[in-house]
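Have a look at the structure below, then the notes.
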Amino acid sequence: MHQKVRLPENRLHAVDSHETGVEPFWKTTGLEEMTEQQWESLCDGCGRCCLNKLEDWETGEIAWTNVACKLLDAKNCRCSDYDNRQDRVPDCLGLTPETVRTLSWLPPSCGYRLVAEGRDLYWWHPLVSGDPETVHLAGVSVRGRTVPEEGMEAEDFEDHIVDWPFEPVDA
């Protein structure tokens, strides 16, 4: 299992392979070979994976809601208790190279998914832009778009089904 490590802001930098002549790690390193820091930095901080999803038991179809996991910090779009999330939220799935390749509900903009598919990260990804705010400025994150899970009954999640979390994002 990978632990989330926040990169100090002074360690984030925009990557321009044209200037450096060096390809960024996500283009040259397989998911299984990444260091813990590289792996964790693939998370763009959008928070979409922390939205509750409903699955139709008959068809397997996934419906997204705007209901945020109780641990999601809605302002920062990060887990408020990442290290203990799976103890506190038993159905929280830890991402691994294997799960990234098999989970059908990962958002199309997810850095893990993009790299697994051999695609590049979007301009607003913090590893590309050098700024963790660009994911929010680009309108990709869940910031300002969620309702809290606390106090809501699971059967009420159906009233909060939305399409935007799985919509493709413009590069």
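Would you compute, from DSSP H runs of 4+ residues alone, the mean residue ellipticity of the chain at 222 nm, taking -39500 (n - 2.57) per run and dividing by the full residue count, rounded to the nearest 500?
Values: 8 runs with 38 residues, N = 171.
So the calculated ellipticity at 222 nm is -4000 deg cm²/dmol.
Please work out how much length the chain gains when fully extended from Asp159 to Ser80, using 0.36 nm per residue of separation minus the C-alpha to C-alpha distance, in nm with one decimal.
25.9 nm
If the cut-off is a Cα-Cα distance under 18 Å, which aspartates and glutamates reach Lys70, setting aside same-chain residues fewer than 8 apart in sequence?
Candidates past the 8-residue exclusion: Asp81, Asp83, Asp87, Asp91, Glu149, Glu150, Glu153, Glu155, Asp156, Glu158, Asp159.
Output the Kirkwood hydrodynamic radius of the chain, Cα pairs only, in Å rounded to one decimal.
Working: mean 1/r = 0.0593 Å⁻¹.
When all Cα pairs of the chain are included, the Kirkwood radius is 16.9 Å.
Can you list residues from other chains, or at least 5 along the same chain, whose modelled amide H is less than 5 Å from the amide H of Val67?
Answer set, sorted by chain and number: Asn52, Val147.
Under a point spin-label approximation (7 Å from Cα along Cα-to-Cβ), what is the Val22-Leu54 distance to one decimal in nm?
Rounded to a tenth, the inter-label distance reads 4.9 nm.
Read-outs: derived from the displayed coordinates by stated rules, not from any lab. Remember, it's a predicted structure, so these values are computed and weren't measured experimentally. All Cβ positions, glycine included, derive from the backbone under ideal geometry; neighbour counts span all protein chains shown.
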